[in-house]
Amino acid sequence: MRLVFAGTPEVAVPSLDALLASDRHEVVAVVTRPDAPAGRGRRLVPSPVAERAAEAGIEILRPARPREPEFLDRLRALAPDCCPVVAYGALLPKVALEIPRNGWVNLHFSLLPAWRGAAPVQHALLAGDEVTGATTFLIEEGMDSGPVYGVLTERVRPEDTSGDLLTRLALAGSGLLAATMDGIEDGSLVARPQPADGVSLAPKITVADAAVDWAAPALRVDRQVRACTPAPGAWTTFRGERLKLRQVSLAPEHGGLAPGELAVDKRAVRAGTGSHAVALGWVQPQGKKPMPAADWARGVRLAPGECLGGDAGARGTDAHGADPHG
């Protein structure tokens, strides 16, 4: 089949690579989000998918909105048989969905109908799911509601961050997407409607959502930190400034600390929660690089009874765009 691949972030690159390596299909172009400002200089940087497409010598389409007439005209001229999608990041209008004869087929990182939306991996971790996976489905106008072609499952490991889990799903899912393209081409795959039961939603995790509530149980704090790593980054405040938390671990043998209260000994830095303590692993003070919590604690010279949280702090805004079809 002639394919036009749509995707934007790094997690979409393994799928693009798998389709480029296929001897049954031809990737004639990619669709990706426009170049975005990044770094201190805020210079425009192409998406990871655009960079990979440039390396492969493939035409790159960067519509600001996929309903632009110029984009739709070019898509029609390319005459794709199918448009595979991985984390493209923009809603596709009906007029675009109707152009390829086999539609747009999305690789979504959950076991649909569970966790429809922009942040399925983060919500799976927040909910404590023991198993998740990836699904290929035909995109309709609804949010991740189209009929399913194929699924794979992946065990959630106890120390998985969303970055860890998403990396594994992106690699495994690339094979699923390539196999789905094969099955559509030879007619061996038929999309089946999603079950009506078991629907759950996974809206984008914002910076405000990533603020740790130390009154919550330790298990919830652990899940939140893992779900928000690397993005948008779990955080709290200390002495009025933002402190990112990049790793914690459960310390059920240590109780007696008030929520957010810090305790330091030669081996660990612990913080109280609504149940038992958690041990802080790596932290990142505002304007500084990540460091072990013990190094941070020595540098700030903790006073007895000091706590994390307890003030609003500067919440900032989330620079990570929603992914309606990811």
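The values are calculated or read from the model by the stated rules, or taken from the named source; none is laboratory data. Note that this is a predicted model, so its numbers are computed, not measured. Neighbour counts are summed over all protein chains in view; Cβ atoms, including those assigned to glycine, are modelled from backbone coordinates with ideal geometry. Just the protein is used for accessible areas: all its heavy atoms, side chains included, with ligands, DNA and RNA removed. Shrake-Rupley method; radii C 1.70, N 1.55, O 1.52, S 1.80 Å.
Listing for the model above:
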quantity: Set of lysines near Lys204 by C-alpha distance (under 21 Å), chain-local residues within fewer than 8 positions excluded; calculated: Lys244
quantity: Equivalent ellipsoid, region 27-82 (semi-axes from 5 times Cα gyration tensor eigenvalues, Å); calculated: 23, 15, 6
quantity: Thr153 versus Ser200: modelled label distance in nm, points set 7 Å from Cα along the beta carbon direction; calculated: 1.5
quantity: Region 138-258, relative contact order [Cα under 8 Å, separation at least 6], %; calculated: 23
quantity: Antiparallel DSSP beta bridges within the chain, as percent of all bridges there, nearest 5; calculated: 70
quantity: Net charge of neighbours whose Cβ lies under 13 Å from the Cβ of Lys288, counting Lys and Arg as +1 and Asp and Glu as -1; calculated: +2
quantity: Charge context of Arg155, other residues only, Cβ under 13 angstrom, K/R +1, D/E -1; calculated: -4
quantity: Nonlocal amide H pairs with Gly150, under 5 Å, H built at 1.01 Å; calculated: Thr136
quantity: Surface share of carbon and sulfur [accessible, 1.4 angstrom probe, percent] for region 110-236; calculated: 55
quantity: Gyration tensor verdict on region 35-154 (Cα atoms; rounded if a/c is under 1.5, prolate if a/b is larger than b/c, oblate otherwise); calculated: oblate
quantity: Pairwise FRET efficiency - Arg62 versus Lys94, Cβ, R0 = 22 Å, nearest 0.05; calculated: 0.55
quantity: 25 °C / 0.890 mPa s Stokes-Einstein diffusion coefficient of region 174-247, Kirkwood radius on C-alpha pairs, µm²/s; calculated: 155
quantity: Proximal charge balance of Ala54 [Cβ under 13 Å; K/R count +1, D/E count -1]; calculated: -2
quantity: Normalised per residue, the volume of the convex hull around the Cα set of the chain (Å³); calculated: 142
quantity: On Cα atoms only, tilt of 218-227 relative to the major axis of the chain in degrees; calculated: 40
quantity: 3J(HN,Hα) from dihedral phi, region 167-180, Karplus parametrisation 6.51/-1.76/1.60, rounded to Hz, x for glycine, proline; calculated: 4, 5, 5, 5, 5, 5, x, 4, x, 4, 5, 4, 5, 5
quantity: Over 26 Å [Cα-Cα, region 138-282], rounded percent; calculated: 43
